[in-house]
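A quick write-up on the structure given underneath.
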Amino acid sequence: MSDAAPYSVRDGIAVITLNNPPVNGLGAALRTGIKAGMDKAAADASVKAVVLIGSAKAFSGGADIREFNTPKSFEKPSLPEINEAQDNFPKPMVAAIGGFAMGGGLELALGCHYRVAAPKSQLALPEVKLGILPGSGGTQRLPRVVPMAEAVRMMTTGNPIPAEKGKEYGLVDEIVAGDLLEGAVAYAKTLVAEGKGPRRIRDMKAKLDGDLKAFFAAARAEVAKASKGYPAPLEIVACAEAAATKPFDEGRKFERERFAVLVETVESKALRHMFFAERQTSKIPDVPEDTPVRAIKTAAVIGAGTMGGGIAMSLVNAGIPVTMIEMKQEALDRGLATIKKNYASTVSKGRLKQEEMDKRVALITPSLSMDGVKDADIVIEAVFERMDVKQDIFRKLDALAKPGAILASNTSTLDVNAIADVTRRPQDVIGTHFFSPANVMRLLEVVRGAKTAKDVLATTMKLGKTIKKLPVVSGVCDGFIGNRMIEKYGQQSLFLLDEGCSPAQVDGAAQKWGMAMGPLTMGDMAGLDIGWEIRKRRAQERPNMVYSKIGDRICEQGRYGQKTGKGWYLYEAGNRKPIPDPAVDKIIEDYRKEIGVKPRQISDDEIVERLIYALVNEAAYILEEGIALRASDIDMVYLTGYGFPAYRGGPMFYASSVGLPKVVEAIKGFQKGYKGGEWKLAPLLDRLAKEGKSFTDYDAAKK
Ligand code: NAD
């Protein structure tokens with residue numbers, strides 16, 4: 001029998017074991033094996049029933065993602081064909097669910113006539129998270145065993161339910177506390193002894209009483225509100241309604257049609273791109289995934305300010321003890337108080353237990369001495385953004401840290417190589433660029449210095465995952481991937497103000513397009529003085545730098561953003577809602593007069609194109625210079641760190657879906673407009689457009 005699905009018989013019960021580690025993805029070999037096992041069991045008169053079982057970790061995680069977009073995914077039998085064979089199977093089939101049954105894995109279990117599950121197992125139809133729906137009968141079978149409201153909830157959120165809930169709803173017939181296989185075989189024998197035959201879900205009625213119309217109207221309203229314009233959740237409701245109103249085969253046909261529509265939507269394509277892009281980020285061509293890593297059991301964080309505090313929280317949240325070092329007692333006290341306040345707010349919302357908070361806080365050892373770094377396996381520096389200060393710290397770290405300790409800097413703009421080079425161990429130095437608030441934001445740019453050792457990179461990437469971040473590798477350059485791009489985006493936002501837009505118009509257009517917030521609101525949140533400082537530094541480094549001085553004018557008025565109650569907008573005490581401010585309009589008007597610009601009407605489309613294509617063009621440079629390993633990494637940076645809308649898949653995916661020739665044409669148009677000299681078309685973008693290729697093609701060719 002097939003290795004992918006070993007077959008055995010125990011006391012008249014055939015056992016087909018799914019064996020496709022790590023998650024029993026339903027790849028071609030496994031599907032063939034299951035079907036072969038079923039045929040054998042059907043033909044053997046001594047077999048009275050069948051048990052389908054996976055591993056303790058996973059019954060099945062659904063489609064095998066390794067076979068996505070390959071001919072294997074189309075090989076027969078397909079999952080729907082297996083489901084049909086299950087429906088027509090002459091003997092009772094029992095699914096024995098351990099670990100989890102997800103997506104196609106749960107559809108396989110729903111094709112079985114009975115289901116038993118281990119107590120801790122989880123059941124889900126998460127297809128909605130990829131912008132699609134359960135396409136192998138899931139939308140038709142689930143509401144026939146689970147009450148409709150729960151079935152709709154499971155399918156439209158994609159969230160798993162534990163086996164106990166499954167039992168309560170009717171999805172699971174029995175919870176098996178002991179050995180799952182023993183229990184499943186015993187259950188199958190009981191079925192046989194009691195003369196119970198196949199119990200096909202397709203023959204059941206959907207579990208919904210009362211007024212169907214009213215139920216689905218309410219479900220649609222609720223789901224529409226939560227689905228934020230994504231089409232899949234509402235299509236799922238339509239399929240669930242079909243399950244309640246149409247015969248099974250018609251419902252299946254409807255489900256197939258809606259699936260085919262969803263698969264082609266930009267939203268689903270973007271979500272699927274993101275799913276794969278996320279998995280790519282950990283692949284570093286010259287650092288194999290089995291590179292030995294250094295053990296990280298303890299950490300030290302230098303600086304207990306905005307970032308240091310958040311970084312310390314991320315570490316202790318993962319159980320890693322942290323020594324937090326400051327220069328002055330007040331700063332240390334303030335830092336610790338902020339950490340406690342943040343935790344207390346989570347406790348008050350019921351999302352963290354008080355004991356857990358106490359445990360985490362106890363893992364932080366405050367210290368005023370740099371000696372606190374001596375035992376640390378990793379030291380993360382988060383002090384002021386000044387090269388002299390950072391180099392001074394790294395000299396001290398070189399003298400004090402134990403051999404082999406990783407020395408990391410949280411700098412957002414400074415040259416990691418210049419920091420590494422003041423030490424005698426530049427191979428142990430790396431950048432860990434967290435995003436604010438560091439305990440919340442998922443993105444972590446891991447900055448690989450020229451001399452960073454491979455195992456240091458591998459260890460830092462692993463640590464990033466341990467502390468629940470999404471680590472993305474970046475080379476060394478000013479601003480790394482994300483902030484280098486955002487500079488161009490910010491530059492356009494200010495040029496747009498010069499030319500005639502109001503801050504609310506720029507932000508409104510960006511937000512309507514899908515950005516979590518517009519560039520000026522974002523500036524107010526981050527603090528406008530930070531950018532001002534950077535501009536002052538850059539003005540010295542790059543004497544020919546072209547920029548709008550409108551940002552400086554705002555800062556000169558002491559308007560630093562939310563923290564001063566005013567920036568591009570006004571803020572009421574304790575409120576983050578930006579309120580347009582006539583005083584800002586006046587500053588902008590005066591500036592336009594100063595530079596001799598007559599304001600013009602600018603469309604939302606132009607605003608969005610200029611902002612987003614500025615990102616894309618700079619990203620193409622970043623890609624060609626090898627600062628980012630792949631275009632999809634850049635997408636992940638923007639999706640997880642900059643509030644880029646998931647349904648647009650990130651700037652590179654978006655540009656590719658618009659078509660690179662169109663992007664190039666627009667940029668050429670901007671070159672003729674205001675400050676057009678700032679639009680220097682990236683050679684890579686130009687080349688790909690001419691070759692009729694996309695950034696996805698570029699990534700694929702590099703593999
Ligand atoms: P911050 O001013 O809030 O905190 C810096 C802390 O470092 C202060 O508490 C200060 O007392 C302490 N410090 C300074 N010199 C020290 C020394 N020699 N020893 C011990 N402590 C010292 O600044 P922040 O916003 O947390 O930024 C810290 C670093 O993180 C900077 O490099 C910054 O560029 C970077 N960063 C900031 C953000 C952000 O949004 N704030 C985002 C990413 C990265």
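The values are calculated or read from the model by the stated rules, or taken from the named source; none is laboratory data. This is a predicted model, so every value here is computed, not measured. No Cβ is skipped: glycine too gets one built from the backbone with ideal geometry, and neighbour counts run over all protein chains shown. Side chains are part of the model used for accessible areas, which takes the heavy atoms of the whole protein and leaves out ligands, DNA and RNA. Shrake-Rupley method; radii C 1.70, N 1.55, O 1.52, S 1.80 Å.
For region 196-248, what is the number of Lys pairs with C-alpha distance below 20 angstrom, counting only pairs 8 or more positions apart or on separate chains? The number of close lysine pairs in region 196-248 is 6. Computed from the Cα positions only, the extents of region 523-601 along the three principal axes stand at 41, 30, 20 Å, in decreasing order. Roughly speaking, what is the centre-to-centre gap between region 484-531 and region 278-351 when only Cα atoms are used, to the nearest Å? About 30 Å separates the Cα centre of region 484-531 from the one of region 278-351.
Surface composition of region 238-366: carbon and sulfur atoms hold 55% of the protein heavy-atom accessible area at a 1.4 Å probe.
Here the convex hull built on the C-alpha positions of region 415-525 has a volume of 115 cubic angstrom per residue. Within the same chain, aspartates and glutamates fewer than 8 places from LYS374 are excluded, and of the rest, those with a Cα less than 19 Å from its Cα are GLU326, ASP392, ASP398, ASP428.
Across the protein chains, with a 1.4 Å probe defining accessible surface, the residues LEU212, LEU52 rank LEU212, LEU52 from largest area downward.
Sparsely packed loop sites in region 350-384 (the trypsin sites (Lys or Arg not before Pro) outside DSSP H, G, I, E and B with at most 15 other Cβ atoms within 10 Å) comprise ARG351, LYS353, LYS374. In the structure shown, the pairs LYS297/LYS402; LYS72/LYS693; LYS488/LYS536 are assessed against 18 Å; a Cα-Cα span above that value is assigned to LYS72/LYS693.
From its DSSP helices (H runs of at least four residues, each -39,500 (n - 2.57)), the chain gives a residue-normalised ellipticity at 222 nm of -15500 deg cm²/dmol.
Split the accessible area of region 528-592 by element, probe 1.4 Å, and carbon with sulfur accounts for 51%. Note on LYS668 and GLU356: with the Förster distance fixed at 60 Å, the Cβ-Cβ geometry gives a FRET efficiency of about 0.60.
Taking a straight Cα-Cα cut-off under 15 Å and skipping sequence neighbours fewer than 8 places away in the same chain, the aspartates and glutamates within cross-link reach of LYS468 are GLU278, GLU445. Taking GluC sites (Glu not before Pro) across region 223-312, the ones in a DSSP loop with at most 13 further Cβ atoms lying within 10 angstrom of their Cβ are GLU264, GLU289.
If the limit is 25 Å between Cα atoms, which of LYS566/LYS593; LYS129/LYS283; LYS129/LYS359; LYS57/LYS129 go over it? Beyond 25 Å between Cα atoms: LYS129/LYS359.
Between ASN159 and GLU572, the modelled labels are 3.2 nm apart [label points 7 Å from Cα along Cα→Cβ]. When a 1.4 Å probe is rolled over the protein heavy atoms, the share of accessible surface on region 155-233 that falls to carbon and sulfur comes to 54 percent. Net length available on complete extension from ASP388 to LYS690 is 104.2 nm, with 0.36 nm assigned per residue and the Cα-Cα distance removed. Based on C-alpha pairs under 8 angstrom that are at least 6 apart in sequence, the chain has a relative contact order of 8 percent.
Loop exposure criterion: chymotrypsin sites (Phe, Trp or Tyr not before Pro), DSSP state outside H, G, I, E and B, at most 13 other Cβ atoms within 10 Å. Applied to the chain, the longest stretch between such sites is 385-703. Excluding ligands, DNA and RNA, the accessible surface per residue across region 138-238 is 48 Å² with a 1.4 Å probe.
The angle between the Cα long axis of helix 329-348 and the longest principal axis of the Cα atoms of the chain comes to about 30 degrees, rounded to the nearest 10. Among the trypsin sites (Lys or Arg not before Pro) within region 389-424, those in coil by DSSP and having at most 15 neighbouring Cβ atoms inside 10 Å are ARG424. For a modelled paramagnetic label at ALA418, 7 Å from Cα along Cα-to-Cβ, the residues of region 359-388 in reach, with backbone nitrogen under 15 Å, are 385-388. Within the chain, the percentage of alpha carbon pairs spaced more than 39 angstrom apart rounds to 45%.
Given the chain, what percent of its DSSP beta bridges are antiparallel, to the nearest 5? Percentage antiparallel, nearest 5: 25. Over region 569-657, the ratio between the Cα radius of gyration and 2.2 N^0.38 Å evaluates to 1.47.
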